[in-house]
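Input: a single structure, listed below in structure tokens.
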Amino acid sequence: MKRRLLSAAAPLLALALLDPCAGGADVSDPPPRLISASPAASDAVRVQVRWDPATGRGDVIHHLAGGDLLRTCFQCTYAGYTGGLAIGSEGGSGMALYPRRPTRGYREINVWCAQDESIWDRDDAVEYSWGWSENFGRGDDGRRLEYEGGQILEAGPARVALRTVNAGGCYRVTRVATTRAGARWWVLATRVTNRCPHPVRFDFYSGEDPWIGRYRSSDGDVGWTPSGLVRHEAAFAPGELEAGGLYDLGNSALGQTEGTFSNQANAYVLDPAAPLPDVALFANAFAHDPADVDPARPLDNQSLTALNLGWRDRVLAPGEGLTVAFAMGMAETGEPGATPRPPTLDDADWSIWRAHLPTGPRAAEGDAVRFAAERVELDLDAAELRVDGLYTVRNPGAAAATLVIRYPILVAPDRPAPTVVDVDGRPLTPAPDAPDGDAPATVSVRFPVPVPAHGIARFRVRYTQPHRARTAAYLVTSARTWPTPLERAVFVVRHPATLGDVQLSYAGGSVRRQGDAIVHTVARRDFRPAEELVVHW
């Protein structure tokens, strides 16, 4: 949290607003290596928990390989906090890296300052927060989500899981935070439950203006996504942003020299199966709608530089909940100006919170394994279609399961079968399926997928299919064979701009130019497909 200086009409008059990420003097805690546990264990890779479930406040320290330390504060210092698992502090970093040896001259890297999270009740026009959020208003002016209690579910040193409950108005907010030894990230899973006897309609925003690099300064901060750097304000539609953050590089759009800053970046990484945000925005303020951003305006340090994620216009019946999840931490950087890389989290990392928090609208959803998510990228040119699909299945039950997946592919005289299908690096040969009435012809491969209890499993399928007409197709309706709707689906169609007027059978979505390519992104939630995805040109 930060101290804002707002210029008033008189040139010598200013109003200081207290922001729990900073104070007038440097009152941050000493580097955690000075207050860590026994010296004999100082070089062991581990997680040290000093967070107090009685108050919902305190810090957790990652002792990293090579002697680096990563300290995360959950609602430290600031008296106005409610208590709970929101990253933030007053007079110091919410998350900071203390390298054993200075990085580009920096003895401390500010990674995150203070999460600015708000529930906006659309019917009552009221904000609820953890006691501080600049997502709406001035920070301390929202109604409070009061602390009801917390637990240390797993205390380390190899793995940590924490849980808190807060409530205000019609909203109960349960959060689980998980991490492991050696990680430079936390997974934060948040369930918003309607505790009133009537439906509620709300937005949930989670954002940050983190001052990456040097504490108390957003100078030089630019945005990044895996597709490249973001030097100007930008809005991303559902499915367009899977990861992103702020990068302390220097903004060439402002005439700054890239590489004269810390060259460090932070990262949000979206959970592979939880609901996608409806919008993601980089801006010089906490933007809430694409209309709030100006793509011609460079990201600057005149006020703040923020990344905001919004789950908008959600409706919950009495007792229903919405669970969202993402990781927050450090990105990996290379040479200055190269696009940062998000941290790598495996299926086990994304599964830990699911043992402690419901995922569907209702807390009780049975034990059947569900088709949770698919993200399919279709690269198209005049001769062939290249398919790269990442699929996620989710097991809400207490027992592990193994599925046998049949993966069908549409074929036709002008779209012959691929010769090989790659499943997680294993080449499989597709076999023709028996004719099924008037259904289109298909070939398929079969393979097992083990799914842990209360966890997820992902598998990747790649193949190349030639086409001899100006049509390509991807089979989607096989998702209807699952007992529940596909919880989320993203289809990305990429083709050369020279291919001409390309039309998708699925309406909606976004279209962007990326270099010499046109990229279409279509996202769906609670999806029971009625037709295949067909591309004509």
Go over the candidates ARG172, ARG104 one by one and state the one that is assigned by TED's automatic domain parsing to the domain that holds ARG216, of a type in the set (Lys, Arg) and under 24 Å from LEU316 (Cα atoms).
ARG172
Residue that is surrounded by the most Cβ atoms within 10 Å (Cβ to Cβ), among those in the range 513-533 that are more than 22 Å from ALA373 (Cβ to Cβ) and not polar (S, T, N, Q):
ILE518
If we only count strands (runs of 3 or more DSSP E) wholly inside the range 461-537, which ones have 1 or more residues that are within 18 Å of ALA382 (Cα to Cα)?
471-474, 486-496, 517-527, 533-536
When residues of the range 255-272 are filtered for being touching a Ser or Thr at 6+ places or on another chain (Cβ under 8 Å) and either part of a strand (DSSP E or B) or not assigned by TED's automatic domain parsing to the domain that holds ASP346 (or both), how many remain?
1
Out of the residues in the range 480-509 that are of a type in the set (Gly, Ala, Ser), at pLDDT below 95 and within 26 Å of the chain's Cα centre (by Cα), state the one that is nearest to VAL443 (Cα to Cα).
ALA507
Candidates ASP292, ASP313 - the one that is within 22 Å of the chain's Cα centre (by Cα), acidic (Asp, Glu) and on the phi < 0 side of the Ramachandran plot:
ASP292
If ALA280 passes every condition in (1) assigned to a strand (DSSP E or B); (2) over 18 Å from GLN115 (Cα atoms) but one, which one does it miss?
(2)
Answer from GLY207, GLY239 - the residue that is part of a loop (DSSP other than H, G, I, E, B) and either within 22 Å of HIS520 (Cβ to Cβ) or at pLDDT 95 or above (or both):
GLY239
Selection count, the range 421-449, where residues are at pLDDT 95 or above and loosely packed, with under 15 Cβ neighbours inside 10 Å:
9
With the first residue restricted to the range 418-430 and required to be on the phi > 0 side of the Ramachandran plot, and the second required to be in a strand (DSSP E or B) and at pLDDT 95 or above, Cβ contacts under 7 Å at 6 or more apart or on different chains are ASP424/PHE459; ASP424/ARG460
Does GLN465 satisfy the condition of being touching a His at 6+ places or on another chain (Cβ under 6 Å) and either of a type outside the set (A, V, I, L, M) or loosely packed, with under 15 Cβ neighbours inside 10 Å (or both)?
no
Counting only residues in the range 294-330 that are within 19 Å of GLY94 (Cα to Cα) and in contact with a Lys or Arg (Cβ under 6 Å, 6 or more places away or on another chain), the one surrounded by the fewest Cβ atoms within 10 Å (Cβ to Cβ) is identified as MET330
Whichever residue in the range 140-159 is modelled with pLDDT under 95 and either aromatic (Phe, Trp, Tyr) or over 21 Å from GLY58 (Cα atoms) (or both) and, among such residues, is farthest from the chain's Cα centre (by Cα):
ASP141
Looking at PRO275, PRO336, PRO318 in this structure, which one is part of a loop (DSSP other than H, G, I, E, B), over 19 Å from ALA114 (Cβ atoms) and in contact with an Asp or Glu (Cβ under 7 Å, 6 or more places away or on another chain)?
PRO336
Would the range 114-137 turn up any residue that is modelled with pLDDT under 95 and in contact with a Cys (Cβ under 8 Å, 6 or more places away or on another chain)?
yes
Listed residues ARG195, ARG184, ARG201, ARG172; which is crowded, with 19+ Cβ neighbours inside 10 Å and modelled with pLDDT of 95 or more?
ARG184
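The values are calculated or read from the model by the stated rules, or taken from the named source; none is laboratory data. Being a predicted model, the structure only gives us computed values, none of them experimental. With ideal geometry, Cβ positions are generated from the backbone for all residues, glycine too; neighbour counts draw on all protein chains shown.
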